[in-house]
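What follows draws every value from the coordinates through simple rules; no lab data is involved. All values reported here derive from a predicted model rather than from experimental measurement. With ideal geometry, Cβ positions are generated from the backbone for all residues, glycine too; neighbour counts draw on all protein chains shown.
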């Protein structure tokens, strides 16, 4: 029996402001690329689910800080409802 390969696909694309933040901070882009597609989806959905710009900005700051600390997923969040 042939084995099937499961390929994780991205549900979300990183918005422009997230892409700019990743490119602007040294080392963050490499950490981001090391994440699994599912983990990247979780971060993107967590950030884009914010209703206020202040919340979105705060979440982006938290994401960059947490990635630098080695955290791979948003903490204390139910997760992306799109998976």
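The figures follow:
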{"read-out": "Helix 53-68 vs. the chain, principal-axis angle (Cα, 0 to 90°, nearest 10)", "value": "60 degrees"}
{"read-out": "Candidate values (i) 20.9, 57; (ii) 13.7, 53; (iii) 22.3, 78, label of the one derived for Rg and Dmax of the Cα atoms in Å", "value": "(ii)"}
{"read-out": "Model label zone, residue 33; criterion: amide N under 19 Å from point 7 Å along Cα-to-beta-carbon; scope the range 54-83", "value": "64, 67-72"}
{"read-out": "The chain: calculated mean residue ellipticity at 222 nm from DSSP helix runs of at least 4, using -39500 (n - 2.57)", "value": "-16000 deg cm²/dmol"}
{"read-out": "Length added when fully stretched, residue 54-residue 78, from 0.36 nm per residue minus Cα-Cα", "value": "6.6 nm"}
